[in-house]
Amino acid sequence: ISDQKPLGCWSVKHGQVLTCPVVCNFETHEYIAVHDDKVLRIWKDEDINLDKAFKATLSADVHRIHSLPQGGPLVLFKGGGVRTLDMLLEAPQQEIENLISDEAIRWSGAFVESQQPVVVFATEKDGNFFIYVQKPKLDGLHKYRLEPQESSKPLSFTAYLKNQTVTLLCLYSNDSVYQVLIPLQQDAEEEEQILPKSLLLNLSVSGSVLKGTSLVVLDKDHVAVLGSLAAPDKEPKECLTIWNTKFQTLQTSKELPLGTSGQLWCYEEKFFLTHGKVLTVILYKCETSSLAAAVGKLKDSQTPGVSSFVNWDTLENEELVVSFQSQESVALKAESRMNLRSRRSGVAKVQPENFSVGQLLLNLKDAPTNVLESELKQLMAKAQAPDLQAAIGSVVTALINRCKANPRYYPQSFLLQIVETRDLSYSLCPDLMAVALEKRDFYLLQICLQRFPDIPEEMTYACLKAFLSVSDAYLRVTDVDLDSVICYIDVEFNSKEVKTEIVENGFNAELEEDMCDTKMPGQSHCRSDGESCPVAPQRAALLNSVLHSAYSETFLLPHLKNLPAQQAILFLRYLYYLYVKCSEKVNTTLPGVRSPTINQIMDWMCLLLDAHFTVMVILPEARELLSKLHKFVRAQVRFYSELNKIEGSLRELQRLNHLRDSQTYSIEVLEII
């Protein structure tokens, strides 16, 4: 999410409409969608075309699909009927009962109670609200009527299950949150019961009133409400707020100046909301509610009447103000940083061993270099498992900040040790690679490209450009990991490649090219670009690390277009060399550790040609390279075409081998016609 890399994208046909949210089946790792109300689609990550995915047309309109980690997907129909996905797949056209007549479903949720799935949904008819509780596997259904509220109505619902009771929280238009208790263990009643509600929370503080649009439950004592905070004589501001329902206090609020859609989701201790045109993800962690945590120290709060129960960290002015405790969880992006923690009131002194990571790093800001590195090593050794990764990210950030403040300081060995031995990511230390580029630390960049899964395309391009532009003389004295090239590039003392001919199953790239076309005038028989590596081994190893880096074509292509023409041609020569090397092998796999795959090579060749095709056509040296590439690809197509012709005969041979007695020795000559 932080670097906007689409991992998968599927589209319905023109005219079709997805009519309920897509969910994931936790048991089978499949996606489930419904389009045009009745058409069910099921597919997996590797499926590309949604139109070819599994399809089932149902007999009734679907309202929503709920996926439970331990109960399987549940399908709620607009008429109130509920079926498990397995039941539907057995008979997709089975009749679905209509339970709610003219009522419209306003909200629904699913839970697991005593290993049995339970669906709860709220409906509305003529201003009256009803609650249904259905157990699809037990054919149990209960209907309740929600106690009416004068001059206000529910805007949003959320619920949680505890002790065989569903606690339903309702956000009303009178800026209040009400609580409704729904027992699950109850005998069937002929008449619908009226569910009483109790006032849980008034959404007002210090004269300001929150006009809520959506709410979610964080734990039994905390809720999050998204809405517009209106103060007297001030413009309303959209914000995300967290409330303590036990002590009736607003714990914190985060202003959202770009506006939201009014929807808020919560999953696995993360908030999801749209802010402007982006999706914002905020991590949080709740601790046990206490009066000290709820009241806090109001003088430390930026908003009057708001306690400092939550610390929204933005790492402003290059200072680390993130506070880590042994039971805390911290987000790792600037806008999405949030640490939900209890305030320790009444503590006059904090012992050094109890310092948070943020406090310790601030204290070490002006410490001597040897003291800084020593303390940071001790900090990483003492960090607890839940906070270890975030603590290491803060350590790297502290070192990078020191590098920026003092250009002569660069702890290359310490940074390399952290990257090689710790499970880091780019988002944990976003300035690390930028500083390494500035210092021309190509070894550290190579390791980062190999290990970081979330490098932005802009940084990948910057590394590629640096690797292509650096001189061979500089690379010869630079420490680079050659594991990815040493098995297919043999180097003599004069740095010239020793050509080793590899022929498997009669395939020879040079012969294949000669079969297609005669040699071009002036083309050398030996040492062609497809035979010898056009770059030094050190540069080849660095380029291989770029090939391994994850990217999105949409975001990388604009940057690739800025690559200078000569560098683009050099890179294409190297990719062509790798392509020929892969084709010499029957399994199209290069030897060595972390060597590029044939798919990575082909993808980058296509990207480079898309970005620089006009330049490649105009420049003479590029035209010659394109001609060679065209001939070789045409030879490959011809070769695989010949293989396809004998595919049927090979399958027949395989079938005959299965029919023979494997214990009988024989020599047979089979003629393929």
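Just so it is clear, none of the values below were taken in a lab; they were calculated from the coordinates. Since this is a predicted model, take the numbers as computed values, not measurements. Glycine also receives a Cβ, built like all others from the backbone with ideal geometry; neighbour counts cover every protein chain displayed.
In whole angstrom, note down how far apart the Cα centers of segment 398-412 and segment 612-656 are. Each part reduced to its Cα centre gives a spacing of 50 Å. What's the whole-number percent of alpha carbon pairs in segment 8-99 lying beyond 23 angstrom? Beyond 23 Å sits 18 percent of the P(r) for segment 8-99. For segment 19-89 versus segment 566-586, the inter-centroid distance based on Cα atoms is 45 Å. Using Cβ point charges alone (K and R +1, D and E -1), the dipole size of segment 8-99 about the Cα centre works out to roughly 220 debye.
Packing, taken as the mean count of other beta carbons within 10 Å per residue, orders the peptides 391-399, 174-182, 19-27 from highest to lowest as 391-399, 174-182, 19-27. Extension gain, VAL470 to GLU647: 0.36 nm times the residue separation minus the Cα-Cα distance gives 58.9 nm. Once both labels are positioned 7 Å from their Cα atoms along Cα-to-Cβ, the gap between ASP423 and VAL278 label points is 2.6 nm. If all Cα-Cα distances of segment 119-242 are sorted into 5 Å bins from 0 onward, what percent lands in each bin, rounded to whole numbers? P(r) over segment 119-242, rounded to whole percents: 2, 10, 20, 21, 17, 13, 8, 5, 2, 1, 0, 0.
Could you give the length gained on full extension between ARG145 and ARG594, defined as 0.36 nm per residue of separation minus the Cα-Cα distance, in nm?
Details: separation 449, 0.36 × 449 = 161.64 nm, distance 6.32 nm.
Full extension of this stretch gives 155.3 nm more.
Between the alpha-carbon centres of segment 111-184 and segment 199-252 there is a gap of 21 Å.
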